[in-house]
Amino acid sequence: MFFTLRTSPVNLLSIEYTILILSSTLATRTILGISGIEMEERKWEDLECDCLVNVLGRVGMESLLLDVPFVCKSWYKASLDPSCWKHLVFPKDLDSERDFTLLDRFKEKYKIENCSVDAFTKFVVGRSHGNCTGLFLPNGCTEEVAKYVADECPALTALLLPSDILRCESSIVPTLIGKWEHLENLWLGSSENLVNIITQISLACNKFSGLCVSSATIQEEEASAIVTNLPNIKYLILRGAWIDFEDLVIILQGCKNLVHLDVRDCLGFDFDDEKVLELASNIKTFKCEGSMLVDYDDGVIDHDDLVYEGYISS
């Protein structure tokens with residue numbers, strides 16, 4: 001299913017709620033352990049590690065780093081289990097002069113003086129020991145992180161690559177796609193190298209179904225590449241893109257299996273164009289509000305945010 005990771009903000013368990021769940025589990029097992037008039041006292045350290053791991057895998061990366069390891073020894077041990085790190089959603093920005101970021105809190109908590117975005121990202125991804133299936137990388141990463149992820153995370157089914165990794169014309173990302181053969185959904189922070197990336201997806205990723213591109217420029221070459229290489233794509237988000245009417249028509253006519261197409265706030269066609277609406281009439285969810293031929297609004301769309309909106313909105 002596109003747009004959804006188990007670690008999306010609406011699904012994360014707070015550390016307080018986690019303690020409540022585990023306390024209830026512990027209490028239940030104490031009651032069930034009653035034998036005659038004897039009652040077995042159950043302690044945190046008696047709770048099976050598998051039970052802890054199952055719950056802690058739902059609290060999210062931030063709590064796993066900054067809260068869980070400091071509760072008690074058994075929680076610390078459980079937090080090291082790779083199963084807790086299968087779904088990793090990094091905040092959009094880890095390096096900011098204005099905000100106290102997750103990276104800043106990490107350095108403060110662990111008394112670390114210097115730690116780059118690349119080093120921190122590799123450290124967190126490494127905790128999964130190859131078990132990570134959903135990964136949303138932060139801005140500020142370099143291609144070195146992309147190479148590391150390609151080598152260490154072969155089981156990925158959902159991946160977000162920020163614009164910083166993609167904007168180099170000689171980007172190595174297209175050459176890495178082949179290592180993610182299980183990839184189903186991809187979010188891109190830029191349309192740089194889009195044609196090459198899509199081509200590699202068609203060759204390596206047999207289950208691919210969803211693509212989200214931020215700050216996209218979709219011309220005939222890109223539209224034709226989507227149709228030619230991803231004819232069975234089901235979910236496509238090009239919100240805020242530069243895409244002409246003719247190029248949108250190429251996609252609408254060529255991608256017959258689309259169930260969700262988001263082209264809101266685009267420039268190049270009118271959202272109420274009758275032909276566009278007719279061609280999209282067979283798409284279950286079609287969104288085109290705010291799209292226009294010319295930008296009459298002085299406001300500026302924050303394109304970098306759109307790619308992060310994709311995984312929590314439908």
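The values are calculated or read from the model by the stated rules, or taken from the named source; none is laboratory data. Predicted model only: the values in this text are computed from it and were never measured. So basically every Cβ, Gly included, is an ideal-geometry build from the backbone, and we count neighbours across all protein chains shown.
Residue selection: ILE250 satisfies the criterion of being of a type in the set (A, V, I, L, M), over 19 Å from LEU188 (Cα atoms) and at pLDDT 95 or above. Applying the selection to the stretch 280-297, what residues are assigned to a loop (DSSP other than H, G, I, E, B) and more than 20 Å from THR217 (Cα to Cα)? If the condition is that a residue be assigned to a loop (DSSP other than H, G, I, E, B) and more than 20 Å from THR217 (Cα to Cα), then ALA280, SER281, ASN282, ILE283, LYS284 are the ones that fit.
Taking the stretch 166-194 as the search range and keeping residues that are acidic (Asp, Glu) and over 18 Å from LEU88 (Cα atoms), which one is surrounded by the fewest Cβ atoms within 10 Å (Cβ to Cβ)? Lay out the reasoning, then the answer.
Just the residues of the stretch 166-194 that are acidic (Asp, Glu), to begin with: 169, 181, 184, 192.
In the following step, the residues that additionally are over 18 Å from LEU88 (Cα atoms) were identified as 169, 181, 192.
On the way: GLU169: 7, GLU181: 15, GLU192: 20.
The extreme case among them is GLU169.
What about VAL263, is it modelled with pLDDT under 95, within 15 Å of VAL213 (Cβ to Cβ) and in contact with a helix residue (DSSP H, G or I) (Cβ under 9 Å, 6 or more places away or on another chain)? The answer is no for VAL263. Scanning the stretch 194-217 for residues that are under 20 Å from VAL259 (Cα atoms) and β-branched (Val, Ile, Thr) gives ILE198, ILE201, VAL213.
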